[in-house]
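Working notes, beginning with the structure itself.
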Amino acid sequence: MLQVDLQGGFGEKGRTSIAVTDGKTRIMLDAGIKVGAVGDDYYPLLARPVSEIDALFISHAHEDHIGALCRLVKLGYGGPIYMTEETRAEMPATLAQYADPADLHRFPPPDAQIRLFRPGATLRAGALHVETGPSGHVVGGVWFAVTAEGLRAVYAADMVPNSAVFHMQPLPPCDLLILDASYGADPVPGTERASRIAAWVSAHADGCVLPTPLSGRSLELMAAIDLPFAIESGMRGALAAQISATEALQAGMAEALERKLAMAINWHVGDSLPNCPLMVHDGMGVAGPARAAISVADAQDHPILLSGHLPEGSPGALLAEKGRADWIRMPTHPTLPENLALWEAAGRPAVLGHSCDRQVLDDLHEHLPALETAFRTGQTYLIG
Ligand SMILES: [Zn+2]
């Protein structure tokens, strides 16, 4: 029997985390935070004390998957923390923005606990085999497949099966599939969204602000935009590092993105807004230079295009609500046909969805009746 504890991201967006145990070894996959939540709700709901966790695996460095790392160290977690080199490189920027500052100062993730692996590697914890593969969501981002006693649970983490930019490795067949349900039943393919964004940006070529996360979607936006643009200067190193991870990218993409990045103009917080599109992180206006850029743009009636998840009450959400920003989704999670295909290819297993609220799960359930919609953070799923 495999037991899966749902510790965050079920019936909600954020603080994504599960724990898997065969009764002897207990591993935890992801430790996210929930933007907009306060107190304990900001962190995963740990089913067992950290002293019982034998190993921790991190899928990628977005805040809703890694933001609670300092919290775990503070609680006394002293075991291995598995992540890819790219996640390791991006982790400090995410923790600087989303970890409790006092925790980050006193309980930074110790180097001695971090174990690096390549996407595609198979790792072990006790009798648990943990397969990994590129998830197509960000450079260095992975899915996890946990196998023991002939049973397998696949945790998709964040995933893009048909990204124009990133390569995804197919999932193995499994008994339980935990899908990235962020987009529910949204059927619009990435190519169509990308051309809508390209058209919007062309119509605002003389100046607009494009808030984006530092990794993942920023490369998708760069691939979609075919005219001169500026970036916040601090993004350049992180973008160059992602582009240099050529094995994570679709064929020919590294060269195209490298050329665009070389031509991008540097912008600094405090400069006047450039008379061309400006990419700036984060994507929600919650942290990073986007916070300042959005506020200046708003005051000057400068066009803003948001393209991702906007937590309630975030600066991005407030701008969209008052009609001061447009919003076109740039897919960085599976669309409906993609999730249906993942489930078919996995052998039509039992299926849960993470990273969305109840309504979005219900929408997906209409197209994927096998999806179990009643499971929430704090509950346990038994396989076998
Ligand atoms: Zn993500």
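The values are calculated or read from the model by the stated rules, or taken from the named source; none is laboratory data. Source: prediction; values computed, not measured. Neighbour counts run over all protein chains shown; Cβ positions are idealised from the backbone, glycine included. Protein only, heavy atoms only, side chains kept; ligands, DNA and RNA dropped before computing areas. Shrake-Rupley method; radii C 1.70, N 1.55, O 1.52, S 1.80 Å.
Classify the range 190-327 as rounded, prolate or oblate from the Cα gyration tensor: take a ≥ b ≥ c as the square roots of its eigenvalues, call it rounded if a/c is under 1.5, otherwise prolate when a/b beats b/c and oblate if not. The shape class here is prolate. Between residue 51 and residue 195, full extension at 0.36 nm per residue minus the direct alpha carbon distance yields a gain of 46.9 nm.
By the rule of a C-alpha distance below 21 Å, with chain neighbours fewer than 8 residues away ignored, the lysines paired with residue 74 are 34.
Straight-line cross-link partners of residue 322 among the aspartates and glutamates, defined as a Cα under 18 Å from its Cα and at least 8 positions apart when in the same chain: 298, 301, 312.
With charges only on Cβ, +1 for K and R and -1 for D and E, what is the dipole size of the range 175-256 about its Cα centre, in debye, rounded to 20? The dipole magnitude comes to about 200 debye. With all protein chains in place and ligands, DNA and RNA left out, the 1.4 Å accessible area ranks 83, 263 as 263, 83, largest first. When the trypsin sites (Lys or Arg not before Pro) in the range 1-92 are filtered for DSSP coil states and for at most 13 other beta-carbon atoms within 10 Å of their beta-carbon, the remaining sites are 24. Between residue 370 and residue 327, the distance separating the two model label sites (each 7 Å from Cα on the Cα→Cβ line) works out to 3.2 nm. Counting only C-alpha contacts under 8 Å and six or more residues apart, can you give the relative contact order of the chain as a whole percent? About 20 percent, as a whole number.
DSSP bridge analysis restricted to the chain gives an antiparallel fraction near 50%, rounded to the nearest 5. With helices as the sole contributors, the chain gives -8000 deg cm²/dmol at 222 nm; each DSSP H run of n ≥ 4 counts as -39500 (n - 2.57), and the sum is divided by every residue. The listed residues 327, 200 rank as 327, 200 when sorted by accessible area, largest first, using a 1.4 Å probe.
For a paramagnetic label modelled on residue 299 (point 7 Å from Cα along Cα→Cβ), amide N atoms under 11 Å away belong, within the range 258-283, to 270.
Shown is the FRET efficiency for residue 111 and residue 38, computed with R0 = 35 Å from the Cβ-Cβ distance and rounded to the nearest 0.05: 0.70. Of the peptides 330-341, 266-277, 207-218, the order by per-residue mean of other Cβ atoms within 10 Å, starting with the highest, comes out as 207-218, 330-341, 266-277.
What relative contact order, as a whole-number percentage, does the range 190-327 give when Cα pairs under 8 Å and 6 or more residues apart are counted?
31 percent
Sorting 235-241, 138-144 by average packing, meaning the other beta carbons within 10 Å per residue, from highest down gives 138-144, 235-241. Is the chain rounded, prolate or oblate when judged by the Cα gyration tensor, a ≥ b ≥ c being the square roots of its eigenvalues, rounded requiring a/c under 1.5 and prolate requiring a/b larger than b/c? Prolate, because a/c is 1.5 or more and a/b exceeds b/c.
For the range 190-327, the share of accessible area belonging to carbon and sulfur comes to 54 percent (1.4 Å probe, ligands and nucleic acids excluded).
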